[in-house]
Amino acid sequence: MIGRVDMQQFQTKMKALRILENEHMLIRSLMHEWFSEMQIIKTCAPLARFEHVNNIRKLITAFIPVLMKHQEKESRFFFPILGSYIGTDQGPIITIEAEHDEMMQYFNHFLEVTKVMNYEVEDIPLIMQDLNEGYEICMVHMYKEENVLFPMAEKVFKIKDEDLLLEVVNTKIL
């Protein structure tokens, strides 16, 4: 269920993919923090909405570097290795990489629009709608990686691929 955070079991057996999957769990947890603030905005007093937007700004500002470090691991290491088997010019990898850019555009747009308090309380629902688009893209994106790309990698990767990937993705993103 999109938007729900609970203890998730690993779906992969490969250690390198488990690292990426574990990072998805961290990313979901961080997203849940600012998504919860977005829900509060729907019911709080109009003037209190500015405070919640500022809270979301702080959470998104901390979230983006974590997301970017994770995406960099995928783009620099995971996708090229998997792409050597399934190609990168078309198919799932090109779509997934485009989603990296798309979600970042939503998150960066939110930060840009809320940078200075030059928006009205009436603008907040639209701002939240845009941010929600980024949230949904990110959640569906991770679901596709975990349920399409990771199982595909487990089927085609050789031991040398797993060893190489494990070596390069076994770094902190937080």
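The values are calculated or read from the model by the stated rules, or taken from the named source; none is laboratory data. What you are looking at is a predicted structure, and each value in this text was computed from that prediction instead of being measured. Counting neighbours? That spans all protein chains shown, and the Cβs are built from the backbone with ideal geometry, glycine included. Side chains included, ligands, DNA and RNA excluded: accessible areas come from the protein's heavy atoms. Shrake-Rupley method; radii C 1.70, N 1.55, O 1.52, S 1.80 Å.
For the stretch 38-53, the set of residues classified as open to solvent by less than 30 Å² (accessible area, probe 1.4 Å) and either in contact with a His (Cβ under 6 Å, 6 or more places away or on another chain) or within 14 Å of Glu122 (Cβ to Cβ) (or both) consists of Ile41, Val53, listed by residue number.
Let's see how each residue does on (1) at pLDDT 95 or above; (2) in contact with a strand residue (DSSP E or B) (Cβ under 6 Å, 6 or more places away or on another chain); (3) not charged (D, E, K, R):
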position	(1), (2), (3)
Ile60	yes, no, yes
Ser75	yes, no, yes
Ser84	yes, no, yes
Gly91	no, no, yes
Met103	yes, no, yes
Phe110	yes, no, yes
Met128	yes, no, yes
Leu131	yes, no, yes
Lys172	no, no, no
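You will find that of Met139, Met117, the residue that is touching a residue at least 40 places away in the same chain (Cβ under 8 Å), of a type in the set (A, V, I, L, M, F, W, C), at negative phi and buried (at least 16 other Cβ atoms within 10 Å of the Cβ) is Met139 and no other.
Criterion applied to Glu167, Glu146 was being touching a residue at least 40 places away in the same chain (Cβ under 8 Å), under 22 Å from Met25 (Cβ atoms) and among the acidic types (Asp, Glu), and the one residue passing it is Glu146.
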